[in-house]
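The values are calculated or read from the model by the stated rules, or taken from the named source; none is laboratory data. Keep in mind that what you see is a predicted model, and the values were worked out from it rather than measured. A quick note on method: Cβ atoms are made from the backbone with ideal geometry, for glycine too, and the neighbour counts reach across all protein chains shown.
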Amino acid sequence: MEFTLITLLNGLSYGLLLFMLSSGLTLIFSMMGVLNFAHASFYMLGAYFAYMVSTWIGFWPALVIAPLLVGVIGAMVERYGLRAVHRFGHIPELLFTFGLSYVLVELVQLVWGRAAVPYQIPAELSGSLFKLYTTTFPAYRGFMMLVALVMLASMYLVLTRTRIGLVIQAALTHPDTVEALGHNVPRVFMLVFGGGCALAGLAGVIGGNAFVTEPGMAGTVGSIIFVVVVVGGMGSLVGALVASLLIGVLQTYAVALDYSILTVLSKVGLQITPETFGFSVLNLTIAQTAPILPYLLLVLILIFRPKGLMGTREN
């Protein structure tokens, strides 16, 4: 019971971090139809900006300042870069954001170097939140979960209960009508793109010190974000939440399970030796296969439900 509950909590905290990452990408795609390949690089920028600001004035100001800086950079990218290629179609947009991701990584290496930076968890959150049986649950993981849930509630309220949220949604389907009512649609899209990047920056602030802040962090999470978005359904925030939690829990349980087919066969009395055909495959543990499980889930989703768990369009 202890193992089950602690692993579940760890999986939920990891899943909510994935949602913080994927929500911005989902928001941008659902509102603008742009698949931002540089999204993970904005996550990386958030972590580095938080490290820089926290060394000057502390973690709590960095929690606000770093996402805002990333959001401003994202808005400028949309205004002076992405908007210029938008009229040429989706392929130029993909190529632009793909190239931008590499540019941002190189800039980070030029400024902060290739090694990891010492971005630490704040002292106030470095202890344990509670103790379950004999295992303690870190306070910082609880903080990660709280921030993700607050972000989810805020996004829902902004998009469904405020005037700007209604304008954003209307601009997606009826841009000419929205413009006729006096709203600047290109500016709305710029704010949406900047807001999505700011959400990635917030995830970087939270995840950078929980894991590691180094130039390769964008590549580490970049592929898993797209798995979440596709599995949940392109453009569906609810789908992104469900897929994030599913993948987070699945991977966390898998990493903690040191069982293999060989273990099962041995328990039922079958003698398997290193000379047995397929021994290396039979000896693979669930923990060793954990990194490929999200991609296996992606393949299965694309085969049996191409529009994703809660998507409304075919991918």
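Brief remarks on what is shown
- Within segment 256-281, tally of residues that are surrounded by 14 or more Cβ atoms within 10 Å (Cβ to Cβ), farther than 30 Å from L9 by Cα and not polar (S, T, N, Q): 2
- The residues on offer are A200, A218, and the sole one that is in contact with a Ser or Thr (Cβ under 8 Å, 6 or more places away or on another chain) and part of a helix (DSSP H, G or I) is A218.
- Flag for I225 being under 16 Å from the mean Cα position of the chain (by Cα), crowded, with 21+ Cβ neighbours inside 10 Å and either closer than 29 Å to Y48 by Cβ or of a type in the set (A, V, I, L, M, F, W, C) (or both): yes
- Check on I73, in a helix (DSSP H, G or I) and exposed (fewer than 13 other Cβ atoms within 10 Å of the Cβ): no
- Taken over segment 180-207, the criterion of being in contact with a helix residue (DSSP H, G or I) (Cβ under 8 Å, 6 or more places away or on another chain) and either more than 21 Å from Y119 (Cβ to Cβ) or modelled with pLDDT under 90 (or both) is satisfied by H183, V185, P186, V188, F189, M190, L191, V192, F193, G194, G195, G196.
Residue by residue, here is whether (1) touching a residue at least 12 places away in the same chain (Cβ under 8 Å); (2) within 16 Å of G204 (Cα to Cα); (3) assigned to a helix (DSSP H, G or I); (4) small (G, A, S) holds:
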position	(1), (2), (3), (4)
F3	yes, no, yes, no
G15	yes, yes, yes, yes
F19	yes, yes, yes, no
S22	yes, yes, yes, yes
N36	yes, no, no, no
S41	yes, yes, yes, yes
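- Segment 257-271 residues that are under 18 Å from A290 (Cβ atoms), paired with ones that are among the hydroxyl-bearing types (S, T, Y) (beta carbon under 7 Å, 6 or more apart): D258/T285; Y259/T285; S260/T285
- Qualifying residue in segment 86-102 (condition: modelled with pLDDT of 90 or more and either closer than 30 Å to G142 by Cβ or polar (S, T, N, Q) (or both)): yes
- Hits in segment 114-129 - residues which are farther than 20 Å from G58 by Cα, surrounded by fewer than 16 Cβ atoms within 10 Å (Cβ to Cβ) and either touching a residue at least 12 places away in the same chain (Cβ under 8 Å) or of a type in the set (D, E, K, R) (or both): R114, A115
- Residues of segment 108-130 satisfying the condition of being over 17 Å from V53 (Cβ atoms) and of a type outside the set (K, R): Q109, L110, G113, A115, A116, S126, G127, S128, L129, F130
- Pairs, first at positive phi in segment 210-238, second surrounded by 20 or more Cβ atoms within 10 Å (Cβ to Cβ) and part of a loop (DSSP other than H, G, I, E, B), C-beta under 7 Å, six or more apart: G233/G308; G233/G311; G235/G311
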